[in-house]
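Q: Once you've had a glance at the structure underneath, I'll fire off some questions.
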Amino acid sequence: MPFAKDFFDVGLFTNQAEAVRAFYSGLGLSFDHTLKLGGGVLQHRYQADEAVLKINDARDPLAPRPEGNPLIELIIASPECRSPTTSVDPDGNRVTCVPVGYEGNEGLTVRLSVTSPNSSRTFYMDALGLTEDSPGVLRCGRARLRLEESGQPPAAKAPLAATGLRYLTFQVFDCDAAYARAIQAGAVSGRAPVTLGNTARIAFVYDPDGTWIELSERASVTGKAV
C-alpha cells in the first residue's frame, strides 16, 4: 500500500490542552493550525518534520489513560534537541526528545508494546504495508515504529477518546482501498470509512493489541479532492 507521505502521525487526547500544548512546544514542535472536529473536540496540530502530533482537546471529561496502553513512548526528533532527554507530559505519557537522525529517528517514532512481535510484524507489513528496517523496527517511509514484547496478553480494547497517546495515523491515497486491504489481512474494524467535509476521508482499524490505527486520505496531503 503506497503511503501519501513518508511519516505517520500520532494522536493523543487531553482535558488539559493548555499545559499539554506548552509541554510539546517546549520540545521544539511547531504549531501549525487548529481543527474543529465536532463533539466538543478541537485538534491542535504540531509538526515534527512532516509528521504531525495531533493534540485532541476534549471539552467533556475523558476516560483515564488506559491500563496497558500499547503506545508506551513517543520519541520526537527535534532540531532544538542536543542530547536525548526523557520526560513525562502533563497526562503521564513518556516522551523522549532526541536530535534529528539520532539512532535513525526522524519526525515521530513510537515504541509499541505488543504481545507477539512476530504477529504484529506480520500485521503491520501485510495489512498496512510497512517495511522492516531491522528486527523489531518497522518503517513507514522515514518514520519508525519500534515493537517491544510485553510479556502480557492484549489489554482490553479502550475507547479512542481516552486520556493519553491513543492512535497512529497513516496517510494513504485511497482510504477505502487501504481499509479493505487491512480488513482482508485480518485487521478488526474500528470505524468504516467516512468523509469529513472537504478535509479527508478516514477509517479506523485495530492492530492485534487493540491499538487504534487511522487510515486517512487527506486532501492537503494527497493533492486530490475527497
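The values are calculated or read from the model by the stated rules, or taken from the named source; none is laboratory data. In this text the structure is predicted, and so the values were computed from the model without any measurement. For neighbour counting, all protein chains shown are included, and Cβ atoms are generated from backbone atoms with ideal geometry for every residue, glycine included. Side chains included, ligands, DNA and RNA excluded: accessible areas come from the protein's heavy atoms. Shrake-Rupley method; radii C 1.70, N 1.55, O 1.52, S 1.80 Å.
Q: Over the stretch 1-140, what relative contact order in percent results from Cα pairs under 8 Å that are six or more residues apart? All intermediate terms of the calculation are to be shown ahead of the outcome.
A: Values: 249 pairs, mean separation 31.6, N = 140.
Computed over the stretch 1-140, the figure is 23 percent.
Q: Starting from the Cα of Lys224, draw a straight line to each of the lysines and keep only those under 26 Å, dropping any in the same chain fewer than 8 residues away.
A: Leaving aside lysines fewer than 8 places away in the same chain, those within reach of Lys224 are Lys5, Lys36, Lys54.
Q: If R₀ is 22 angstrom, what is the calculated FRET efficiency for the pair Ile72 and Ser116, using the beta carbon separation as r and rounding to 0.05?
A: Numbers: r = 16 Å, r/R0 = 0.73.
Result of the calculation: an efficiency of 0.85.
Q: I want to check the label-to-label distance for Ser189 and Val100. Put each point 7 Å from Cα in the C-beta direction and report it in nm to one decimal.
A: According to this spin-label approximation, the distance is 4.1 nm.
Q: Pull out the extension gain between Glu148 and Val226, defined as 0.36 nm times the separation in residues minus the alpha carbon to alpha carbon distance; nm, one decimal. Walk me through the numbers on the way to the answer.
A: On the way: separation 78, 0.36 × 78 = 28.08 nm, distance 3.62 nm.
Going from the current span to full extension adds 24.5 nm.
Q: Considering only protein heavy atoms and a probe of 1.4 Å, how much of the accessible area of the stretch 45-171 is carbon and sulfur, as a whole percent?
A: Working: 2570 of 5350 Å².
Carbon with sulfur: 48 percent of the solvent-accessible area.
Q: Among 186-197, 21-32, how do they line up by average Cβ neighbours within 10 Å per residue, starting with the highest? Present the calculation step by step, with values, prior to reporting the outcome.
A: Numbers: 186-197: 14.0, 21-32: 16.1.
Result, highest mean Cβ count within 10 Å first: 21-32, 186-197.
Q: Determine which residues of the stretch 64-98 fall in the zone a paramagnetic label at Ala19 would reach in this model, i.e. backbone nitrogen under 17 Å from the point 7 Å along Cα→Cβ.
A: 64-66, 87-95
Q: Out of all Cα-Cα pairs in the chain, roughly what percent, to the nearest whole number, are more than 30 Å apart? Present the calculation step by step, with values, prior to reporting the outcome.
A: Details: 4208 of 25425 pairs.
When every Cα pair of the chain is considered, 17 percent fall beyond 30 Å.
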